[in-house]
């Protein structure tokens, strides 16, 4: 299983004449994974598609709201030479304690079944 590249969403837009595309992909089960890709044909459409994608992640997929309150951006990720199970992450700015908690929540998101979402869990 691989993450969907933005070029797939762009391909959908190009082939079908859409200004904005939001793609949701899910693998359900114990090894579940969720992915949302957005594309817009220009800056304004990119922003609108991104907002729609974030709303879907938060309201439908139940990703933590803190993910959307931070201005942090990942600039790079590398392996830790001293610990094979650790990664080093370069961020766009120094993270607050809330940012660190947000990153933790993001890396361990809950995977909800459609039934759980319908029940508001």
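Brief remarks on what is shown
- Segment 70-102, residues that are modelled with pLDDT under 80, loosely packed, with under 11 Cβ neighbours inside 10 Å and assigned to a loop (DSSP other than H, G, I, E, B): 71, 73
- Within segment 104-121, the only residue that satisfies the criterion of being in a helix (DSSP H, G or I) and either farther than 21 Å from residue 35 by Cα or modelled with pLDDT of 80 or more (or both) is 104.
- Taking segment 30-61 as the range and being surrounded by 13 or more Cβ atoms within 10 Å (Cβ to Cβ) and not in a helix (DSSP H, G or I) as the test, the residues that pass are 32, 33, 34, 35, 36, 37, 38, 39, 40, 41, 61.
- Annotation note: of 32, 17, 78, the sole residue that is without any contact (Cβ under 8 Å) to a residue 24 or more places away in the chain and either outside the structural domain of residue 103 (by TED's automatic domain parsing) or in contact with a helix residue (DSSP H, G or I) (Cβ under 8 Å, 6 or more places away or on another chain) (or both) is 17.
The values are calculated or read from the model by the stated rules, or taken from the named source; none is laboratory data. Everything numeric here is computed off the predicted structure, so don't read it as measured data. Positions of Cβ are backbone-derived with ideal geometry, glycine not excepted, and every protein chain shown enters the neighbour counts.
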